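**Q** The structure follows.
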């Protein structure tokens with residue numbers, strides 16, 4: 001079934017993309033949650049008009065994301081946490097913690113745009129910030145004991 005996405009879906013596509021999905025997934029998950037609409041002739045025309053009108057807005061968002069990525073490119077952040085004698089930390093480092101540290105440095109990045117591998121030990125890691133669908137930046141994250 002062809003659908004038009006109303007939201008960014010991690011493994012499916014971005015807002016406004018027209019994708020094929022299985023009928024059950026669309027009918028039981030996407031449509032009830034308002035994440036997509038069926039790609040009928042009228043919905044396709046509305047989508048094309050919205051795409052045409054939103055081009056300038058998307059270009060501005062991309063330009064802003066590129067400017068932010070230039071500022072963040074060489075950034076390194078340090079997060080202090082409690083750790084055991086062998087270097088294993090209690091809990092883990094989450095995107096929310098990284099977002100809070102970035103906020104203290106003047107960058108308001110949503111935690112859902114931050115990806116980091118499982119951090120269970122002290123050391124250096126790399127976090128990926130998805131600022132825009134075409135703009136990603138990696139920052140260094142140093143985990144130290146408090």
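The values are calculated or read from the model by the stated rules, or taken from the named source; none is laboratory data. In this text, all values refer to a predicted model and were calculated from it rather than measured experimentally. Cβ atoms come from the backbone with ideal geometry, glycine included; neighbour counts cover every protein chain shown.
**Q** Just checking, which of 15, 53 is over 30 Å from residue 145 (Cα atoms) and in contact with a strand residue (DSSP E or B) (Cβ under 9 Å, 6 or more places away or on another chain)? Don't jump to the end; show me each part of the working.
**A** Details: 53 fails: in contact with a strand residue (DSSP E or B) (Cβ under 9 Å, 6 or more places away or on another chain).
Being over 30 Å from residue 145 (Cα atoms) and in contact with a strand residue (DSSP E or B) (Cβ under 9 Å, 6 or more places away or on another chain) holds for just one of 15, 53, which is 15.
**Q** Taking only region 59-74 into account, find how many residues are under 13 Å from residue 141 (Cα atoms) and loosely packed, with under 15 Cβ neighbours inside 10 Å.
**A** Matching residues across region 59-74 total 2.
**Q** Also, quick follow-up: Would you please name the residue that is surrounded by the most Cβ atoms within 10 Å (Cβ to Cβ), looking only at residues in region 112-130 that are at pLDDT 90 or above and under 18 Å from residue 80 (Cα atoms)? Break it down stepwise before answering.
**A** Step one: list which residues in region 112-130 are at pLDDT 90 or above, which gives 112-116, 121-130.
Narrowing further to those that are under 18 Å from residue 80 (Cα atoms): 116, 121-127.
Numbers: 116: 18, 121: 14, 122: 16, 123: 12, 124: 10, 125: 17, 126: 11, 127: 21.
So, considering only residues that are at pLDDT 90 or above and under 18 Å from residue 80 (Cα atoms), the one surrounded by the most Cβ atoms within 10 Å (Cβ to Cβ) is 127.
**Q** Considering only region 64-74, I want to know if a residue exists there that is more than 28 Å from residue 127 (Cβ to Cβ) and either assigned by TED's automatic domain parsing to the domain that holds residue 132 or not in a strand (DSSP E or B) (or both).
**A** There is no residue in region 64-74 that is more than 28 Å from residue 127 (Cβ to Cβ) and either assigned by TED's automatic domain parsing to the domain that holds residue 132 or not in a strand (DSSP E or B) (or both).
**Q** Among the listed residues 56, 103, identify the single one that is assigned by TED's automatic domain parsing to the domain that holds residue 15 and either crowded, with 17+ Cβ neighbours inside 10 Å or without any contact (Cβ under 8 Å) to a residue 12 or more places away in the chain (or both).
**A** Unique residue meeting the criteria: 56.
**Q** What single numbered condition from (1) within 27 Å of residue 115 (Cβ to Cβ); (2) within 23 Å of the chain's Cα centre (by Cα); (3) free of Cβ contacts under 8 Å to residues at least 60 places away in the same chain fails to hold for residue 84?
**A** (2)
**Q** Residues of region 37-53 being free of Cβ contacts under 8 Å to residues at least 24 places away in the same chain and part of a loop (DSSP other than H, G, I, E, B), which ones?
**A** The answer is 40, and nothing else.
**Q** Please give the number of the condition residue 28 fails out of (1) surrounded by fewer than 12 Cβ atoms within 10 Å (Cβ to Cβ); (2) modelled with pLDDT under 90; (3) out of contact with any strand residue (DSSP E or B) (no Cβ under 7 Å at 6 or more places or on another chain).
**A** (2)
**Q** Confirm whether residue 17 is modelled with pLDDT under 90 and closer than 27 Å to residue 114 by Cα.
**A** Criteria met by residue 17.
**Q** Going through 16, 34, 80 one at a time, which residue ends up being closer than 25 Å to residue 138 by Cβ and either outside the structural domain of residue 111 (by TED's automatic domain parsing) or assigned to a strand (DSSP E or B) (or both)?
**A** Result: 80 is the single residue among 16, 34, 80 that is closer than 25 Å to residue 138 by Cβ and either outside the structural domain of residue 111 (by TED's automatic domain parsing) or assigned to a strand (DSSP E or B) (or both).
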